[in-house]
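Presented below is the structure to which this report refers.
The values are calculated or read from the model by the stated rules, or taken from the named source; none is laboratory data. Since this is a predicted model, take the numbers as computed values, not measurements. Here the Cβ positions follow ideal geometry from the backbone for every residue, glycine too, while neighbour counts run over all protein chains shown.
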Amino acid sequence: MTRHVRTAIFPVAGLGTRFLPATKATPKELLPVLDTPLIQYAVDEAREAGIERLVFVSHPSKSAIERHVMEDMRLTKELRARGKADVADALSEAALSPVEDDARFVMQTEPKGLGHAVLCAKDHVLDGPVAVILPDDLILGQVACLTEMVEAYADGSVGHLVATMEVPEDKVHRYGILSVTGKAGSIVMADGMVEKPKAKDAPSRQAVVGRYILDPSIFSALETQPPGAGGEIQLTDAIARGAADLGLGGFQFSGTRFDCGSKAGMFEATLELASRDPECLAVLKAHGLVRPGPAVAA
Ligand code: G1P
């Protein structure tokens, strides 16, 4: 069985109610952190990890996502004609080419949950394990989270590998939580997973964030998965069912995760990226928003 991850699934059909009114006409995945939409960070991460096929599980009302991620020849031609070749080059480098890249768009017309969204991609994936990226979870670090996970997955033996981080007890109800059995390097071993438990029922504080590498049997598990938390078909439940046979690991990534599905998380991510941009850094400094760094010898 190959451990080579060739496909990434992007579940992007959600209504984005937490970000209304910003998301009334604009898909939440197109909200920018500074000047780059969330979906772009997710696509860049997948490409960096060597993903060959990108499957977007979208909604008919969110066609702007496809317009953003795919190359727009008319726009780049127009930019070049106006002497803005550098902007055109940057845009076409970031975009997926209909000829050279392998992108697919599948519609999830009913809000039946994350598990159902992943199942919608079933007929469009290449063989082997599949990655799932939730663009709401922006992870910034020296090495991209999916790249680290692909490497750990290839070397390891678990069938399902999910990105995890420790969260405080009063936050466990927001996440899928692992039932931890041990630790092997940067992988937390688990024999199950619970979706959004109450603090008192949570098996640990190891929370799943939006990066998964899943054994292809996830699709047959999802086909028979009854609705769970919130009446939705939960990816967490289908992963948990396979844990005993396939092995389940929580990968402790090296980067920092920002919950860009929330205003505070989005703001924090914006501050982080602003501090890396000279022009924005000057604004942060002017507002006293930069923590004093360690003294630098002259
Ligand atoms: C989803 C998953 C949950 C996971 C979370 C990470 O929940 O169902 O298990 O911990 O993403 O962001 P959502 O935030 O979409 O409700």
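Only one residue in LEU20, LEU15, LEU96 is among the hydrophobic types (A, V, I, L, M, F, W, C), more than 23 Å from LEU273 (Cβ to Cβ) and surrounded by 14 or more Cβ atoms within 10 Å (Cβ to Cβ). Which one?
That would be LEU15, the only listed residue that is among the hydrophobic types (A, V, I, L, M, F, W, C), more than 23 Å from LEU273 (Cβ to Cβ) and surrounded by 14 or more Cβ atoms within 10 Å (Cβ to Cβ).
Within segment 192-237, track down each residue that is of a type in the set (Phe, Trp, Tyr) and within 10 Å of the ligand (Cβ to nearest atom).
TYR212
Under 9 Å between Cβ atoms, which residue pairs at least 6 apart in sequence (or on different chains) link something in segment 14-28 that is within 14 Å of SER63 (Cα to Cα) with a partner that is of a type in the set (Val, Ile, Thr) and away from the ligand (no atom under 12 Å from the Cβ)?
LEU15/THR23; PRO27/ILE39; PRO27/ILE65
Which one is farthest from PHE19 (Cα to Cα) among residues in segment 258-275 that are within 22 Å of the chain's Cα centre (by Cα) and assigned to a loop (DSSP other than H, G, I, E, B)?
By that ranking, first place goes to CYS260.
Of the conditions (1) modelled with pLDDT under 95; (2) of a type outside the set (Ser, Thr, Tyr); (3) within 14 Å of the ligand (Cβ to nearest atom), PRO98 fails just one. Which one is it?
It is condition (3) that PRO98 fails.
Restricted to segment 244-263, and to residues that are away from the ligand (no atom under 14 Å from the Cβ) and of a type in the set (Gly, Ala, Ser), which residue is surrounded by the most Cβ atoms within 10 Å (Cβ to Cβ)?
Among those that are away from the ligand (no atom under 14 Å from the Cβ) and of a type in the set (Gly, Ala, Ser), it is GLY249.
Just wondering, is there one or more residues in segment 20-38 that are hydrophobic (A, V, I, L, M, F, W, C) and within 19 Å of VAL125 (Cα to Cα)?
For segment 20-38, residues hydrophobic (A, V, I, L, M, F, W, C) and within 19 Å of VAL125 (Cα to Cα): absent.
So, in segment 171-219, exactly how many residues are hydroxyl-bearing (Ser, Thr, Tyr) and in a strand (DSSP E or B)? If you could, list the steps in order and put the result at the bottom.
Of the residues in segment 171-219, the ones hydroxyl-bearing (Ser, Thr, Tyr) are 175, 179, 181, 186, 204, 212, 217.
In the following step, the residues that additionally are in a strand (DSSP E or B) were identified as 179, 181, 212.
Residues that pass the stated criteria total 3.
Just to verify a result, which residue in segment 134-185, among those that are near the ligand (Cβ under 10 Å from one of its atoms) and closer than 20 Å to VAL12 by Cα, is surrounded by the most Cβ atoms within 10 Å (Cβ to Cβ)?
The extreme case among them is VAL162.
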